[in-house]
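Worksheet: one structure, shown below.
The values are calculated or read from the model by the stated rules, or taken from the named source; none is laboratory data. On a predicted model such as this, the values are computed, not experimentally measured, just so you know. Heads up, the Cβs are rebuilt from the backbone with ideal geometry, glycines too, and the neighbour counts pull from every protein chain shown.
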Amino acid sequence: MIVARVLAPFLAFAFAAVALARPASAETWRTVNPLVEQKPVTLRANGVSVLLEPQSRIETVDGETFEIGTVRATVTFADAAPFEVPVDEAIVPTHGLWVGLGKLDRRDADPVVILTGYTGGMHCCVTFQLVTRQQDGPRALGLPMMDGNPDTGFPRDIDGDGVADIRRADDSFLYAFTSYAGSWVPPRLWNLRNGALVDVSGEPRFAKFWQREARKVGKHCRKGQVGACAAYAAAMARLGRAEEGIAAALTHAPTADWLPEPCTVALVNDECPEGKARVFDGFGPALRWLLSEQGYLR
């Protein structure tokens, strides 16, 4: 079930378009909006079906009445009981849902179902749920929300090993050293392994991928863009050349617009207690900390 609060009727008309992306012969990827269109949608491919049903109810909170818009998602694998997908309360379903059906690995017996949505808001956010059939039955797996727009197609095989790689983004680089517009966000790559989503970004088989990323952001780093230099150091670290990447970043962008100040203790009321924030002595130590914190340094 996917639930969100509908605050005003005009939102129902903002994202009413429905787009069809890819034929059902291999993988299916569709944009649907059952809540706005007020009719159920059923997608079928490769022996799995997804039923998306619009629902709504009226609630009163502090004397104010709201209409709660709901899309209930039910996944049915061949010869299995229907599975209701757990709620993702971050989604605003009037924006529509992006639904994928297909196999991540051509050797898999069963396909997976991917459900993504959009939260709305400034610089935000795409959600991700993946439903897979496991020995004990269907299970829903999730990945953290990320900034940006929903994907336009089913995950693709990046390194040519026959397994589709789920590409997301490392949003920890946003605002780390400069503005949102000046930040560059390194990709993160995920695979479904043994029933779990595993971050495989640092595996050697993606060397060509990271070489392309390094070339892309390196051009902007050499122009002195600190956000690009941070992303360049991250790409080089994925290639096992972290020190070279950090040195290049500091050469082309010796200072940042600002530095992160991570809290060294637990937050109190969502704030770092006075005197407990870590203060870095320049861009270099702060960049090295971020790379280490996010798992780029080996």
Filter segment 119-146 down to residues that are more than 18 Å from Gly96 (Cβ to Cβ) and assigned to a loop (DSSP other than H, G, I, E, B), then give me how many there are.
4
Restricting to segment 202-249, count the residues that are among the small types (Gly, Ala, Ser), crowded, with 16+ Cβ neighbours inside 10 Å and either over 22 Å from Asp157 (Cα atoms) or in contact (Cβ under 8 Å) with a residue 60 or more places away in the chain (or both).
13
Out of (1) over 13 Å from Phe173 (Cβ atoms); (2) outside any helix (DSSP H, G or I), the one Pro260 does not meet is (1)
I need the full set of residues from segment 34-74 which are outside any strand (DSSP E or B) and of a type in the set (D, E, K, R), in order please.
Glu37, Lys39, Asp62
Only listed residue being at pLDDT below 95, assigned to a loop (DSSP other than H, G, I, E, B), buried (at least 22 other Cβ atoms within 10 Å of the Cβ) and not small (Gly, Ala, Ser), chosen from Asp110, Asp88, Asp79
Asp88
Pairs with Cβ under 8 Å, 6+ apart, first in segment 160-184 and touching a residue at least 24 places away in the same chain (Cβ under 8 Å), second of a type in the set (Lys, Arg)
Asp161/Arg205; Gly162/Arg106; Gly162/Arg107; Ala164/Lys103; Ala164/Arg156; Asp165/Arg156; Arg168/Arg188; Asp170/Arg188
Answer with yes or no whether Gly142 is surrounded by fewer than 14 Cβ atoms within 10 Å (Cβ to Cβ) and either at pLDDT 95 or above or in contact with a Pro (Cβ under 9 Å, 6 or more places away or on another chain) (or both).
yes
Failed condition for Asp270, given (1) under 22 Å from the mean Cα position of the chain (by Cα); (2) surrounded by fewer than 13 Cβ atoms within 10 Å (Cβ to Cβ); (3) at positive phi:
(1)
Scan segment 263-284 and tell me whether some residue there is under 30 Å from Arg205 (Cβ atoms), part of a loop (DSSP other than H, G, I, E, B) and touching a residue at least 24 places away in the same chain (Cβ under 8 Å).
no
Which one is farthest from His220 (Cα to Cα), of the residues in segment 145-179 that are of a type in the set (Ser, Thr, Tyr) and under 17 Å from the mean Cα position of the chain (by Cα)?
Thr152
